[in-house]
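Some notes on the structure that comes next.
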Amino acid sequence: MSKTWWKESVVYQIYPRSFMDSNGDGIGDLQGIISKLHYLKSLGIDVIWLSPVYKSPNDDNGYDISDYQQIMDEFGTMADWEKLLEEVHNHGMKLIMDLVVNHTSDEHQWFIESKKAKDNQYRDYYIWRPGKNGKEPTNWYSNFGGSAWQYDEASDEYYLHLFSKKQPDLNWQNPQVRSDIYKMMTWWLEKGIDGFRMDVINFISKPEIFEDGELKQGKQYASGSKYYRNGPHIHEYLQEMNKTVLTKYDVMTVGEMPGVTPELARLYTDEARNELNMVFQFEHMGLDNGPNGKWDLKPLYLPDLKENLTKWQQALDTTGWNSLYFNNHDQPRSVSRFGNDKEYREKSAKMLATVLHMMKGTPFIYQGEEIGMTNIQFDSLDDYRDIETLNIYHELSEEGLPHEEIMESIYAKSRDNSRTPMQWDSSENAGFTTGTPWLKVNPNYLEINAETEIKHSDSIFHYYRKLIQLRKNHDIIVYGDYELLLRDHPEIFAYKRTLNNDTLIVICNFSNQEPIFELPLDLTFHSIELLISNYPTDNNIQTTQLKPYEAKAFLLKS
Ligand code: NOJ
């Protein structure tokens, strides 16, 4: 396995709208980010992933782009962005940009042209189809609810939008589309960026023939995902993109891939195939979904998580590479979801960080995770901003679900959970803005904020710093082999890493109980070092009673 900088890095995701507002309009911006780079530097991260900052009408908070080569007015100017890149580099960090090329905004010039007439030269930039029996071309639903097709009266055709109707899907079969995208990517790379996170990149290759999905009882629309996820030409397109653009630069790439399997991820990330460096898989994010999907709540059963993450560790052990994450701008806060955000918030946040950061792969931290930010519960739906949340509320209430039940799902799973403004200090609006924030601040900012975290040496923030530092000091954390211990234990997640003569033992208690840990191995070693722990502890790893949400990692040398 080759050694590369992006395998040894820790990435920090910024959701610009919610990170830091410099001009009091209630919306985070580029100057705000610049003012906080010292904070990120002190955390010790290597790479910043910036969620979209391009020109956008903001139907989906910037994931609907109307101009790939301009900056959104609310975030600042291109000069601000150039300053940001320069400052990130001056701080010894790298910057990767979000690449959203499965779709554009319907306000992108390409789509404006495309919609004008069937013979417009941009018509084929998007996916237009005639209706079938007076209805949509297929019965697919959009990922944000409703049909995935939007009717256009002028041409009597429908266009495909796997997300909102303001996000028409690009037609990657058109070589002109691909070539324009590659030019745009090159333009950013020439500015000196260090890579891309690629939005739903395994959706770009659509099937030759559009077929109906299987309708579930009582539903109007069906999933078409088996036709458009990992579609027929996906590897070809990624290899072409790699050859035309990426290979010319020393950059990192991570492809967001809902529905990717470990077998496919090996193909996507096999270094010999020249596609991507790593992917974001979603299987572990679906383990608390009931049979009806994301909004159907089910508690996490720990052995499922262990089995799943272990499967990924093993699948990409010698070929390919894993990304490691529990949080991002689409997921609820992990401390509320998999930990305990009340009595054991600090302990469980540290425990979750330990389990993740000691695995093999590149860890991604989402803003606020490093200070243990939690989910939000707004009393009124009016306080929610996320298009997916608002749509699902209306869809489920039309299906007859009671308000309280829908709100329980929203409290657990809404994307706005992770989008409330970053909590910097205990001043008004958590120091995020002097104006009115675009999304309300979580009222717990008086207790949970970066200033307090930095002040206390045993805080979650300092624990993350330490984890990041350990990865830099110990090759075994980056490159060591992985083996799960105590596979069926319902409360303990423990594993072993090995590299040359070293062994790393990671022990994490996922419960508020005090289970006994018994090392299921006969290990001989001549030295043992406690690398990190979230409680004071001794060096006993054979048999020990764990405290609620306890986490510890030992390095053994033989
Ligand atoms: C995935 C992004 O992470 C999400 O925020 C967005 O809504 C969809 N892709 C559509 O771009």
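Taking the conditions exactly as written (under 21 Å from the mean Cα position of the chain (by Cα), among the hydroxyl-bearing types (Ser, Thr, Tyr) and more than 16 Å from the ligand (Cβ to nearest atom)), does residue 247 satisfy them or not? It is false that residue 247 is under 21 Å from the mean Cα position of the chain (by Cα), among the hydroxyl-bearing types (Ser, Thr, Tyr) and more than 16 Å from the ligand (Cβ to nearest atom). Among the residues that make up the range 355-374, is at least one of them part of a loop (DSSP other than H, G, I, E, B) and farther than 30 Å from residue 307 by Cα? Within the range 355-374 (the criterion being part of a loop (DSSP other than H, G, I, E, B) and farther than 30 Å from residue 307 by Cα), the answer is no, since none of the residues qualifies.
Of the residues contained in the range 33-55, one or more are found to be more than 28 Å from residue 449 (Cα to Cα) and either over 19 Å from the mean Cα position of the chain (by Cα) or modelled with pLDDT under 95 (or both).
Looking for something buried (at least 22 other Cβ atoms within 10 Å of the Cβ), touching a strand residue (DSSP E or B) at 6+ places or on another chain (Cβ under 7 Å) and in a loop (DSSP other than H, G, I, E, B) - is there at least one such residue anywhere in the range 296-305? No, the conditions are met nowhere in the range 296-305. For the range 50-75, the set of residues classified as in contact (Cβ under 8 Å) with a residue 60 or more places away in the chain, away from the ligand (no atom under 11 Å from the Cβ) and under 23 Å from residue 251 (Cβ atoms) consists of 68, 69, listed by residue number. Among the residues of the range 501-529, those that are in contact (Cβ under 8 Å) with a residue 24 or more places away in the chain and more than 30 Å from residue 336 (Cα to Cα) comprise 501, 502, 503, 520, 521, 523, 524, 525, 526, 527, 528, 529. If you filter the range 261-294 down to residues that are assigned to a loop (DSSP other than H, G, I, E, B) and under 13 Å from the mean Cα position of the chain (by Cα), you find that the one that is surrounded by the fewest Cβ atoms within 10 Å (Cβ to Cβ) is 282.
Looking across the range 168-227, the residues that are within 16 Å of the ligand (Cβ to nearest atom), part of a helix (DSSP H, G or I) and of a type in the set (A, V, I, L, M) come down to 181, 201.
Restricted to the range 321-358, and to residues there that are within 16 Å of the ligand (Cβ to nearest atom) and farther than 22 Å from residue 484 by Cα, the residue that is surrounded by the fewest Cβ atoms within 10 Å (Cβ to Cβ) is 331. Scanning the range 478-495 for residues that are in a loop (DSSP other than H, G, I, E, B) and basic (Lys, Arg) turns up at least one hit.
Mind listing just one residue for me: the one in the range 139-167 that is within 15 Å of the ligand (Cβ to nearest atom) and in a strand (DSSP E or B) and, of those, nearest to residue 395 (Cα to Cα)? Top of the filtered list is 141. Inside the range 17-30, can you point out the residues that are part of a helix (DSSP H, G or I) and away from the ligand (no atom under 13 Å from the Cβ)? 30 - this is the single residue of the range 17-30 that is part of a helix (DSSP H, G or I) and away from the ligand (no atom under 13 Å from the Cβ).
With respect to the conditions (1) surrounded by 21 or more Cβ atoms within 10 Å (Cβ to Cβ); (2) in contact (Cβ under 8 Å) with a residue 24 or more places away in the chain; (3) more than 30 Å from residue 492 (Cβ to Cβ), residue 395 lacks only one, and its number is (1). Looking at residue 409, is it touching a strand residue (DSSP E or B) at 6+ places or on another chain (Cβ under 7 Å), assigned to a helix (DSSP H, G or I) and either within 16 Å of the ligand (Cβ to nearest atom) or on the phi < 0 side of the Ramachandran plot (or both)? Yes.
Just one of the numbered conditions (1) farther than 23 Å from residue 234 by Cβ; (2) within 16 Å of the ligand (Cβ to nearest atom) is not true of residue 97: (1).
To keep it simple, each residue is scored yes or no on (1) crowded, with 19+ Cβ neighbours inside 10 Å; (2) over 23 Å from the mean Cα position of the chain (by Cα); (3) acidic (Asp, Glu); (4) more than 16 Å from the ligand (Cβ to nearest atom).
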residue: 399; (1), (2), (3), (4): no, yes, yes, yes
residue: 433; (1), (2), (3), (4): yes, yes, no, yes
residue: 444; (1), (2), (3), (4): no, yes, no, yes
residue: 469; (1), (2), (3), (4): no, no, no, yes
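Please verify whether residue 450 is buried (at least 18 other Cβ atoms within 10 Å of the Cβ), in contact (Cβ under 8 Å) with a residue 40 or more places away in the chain and over 24 Å from the mean Cα position of the chain (by Cα), treating the condition exactly as stated. Taking the combined requirement at face value, the residue does not satisfy it. Being buried (at least 21 other Cβ atoms within 10 Å of the Cβ) and part of a helix (DSSP H, G or I) is the requirement here; does residue 6 meet it? So residue 6 fails the test.
No other residue among 374, 362, 310, 318 is of a type in the set (S, T, N, Q) and more than 27 Å from residue 482 (Cβ to Cβ) apart from 374.
The values are calculated or read from the model by the stated rules, or taken from the named source; none is laboratory data. Since this is a predicted model, take the numbers as computed values, not measurements. Every residue, glycine as well, gets a Cβ built from its backbone with ideal geometry; the counts of neighbours run over all protein chains shown.
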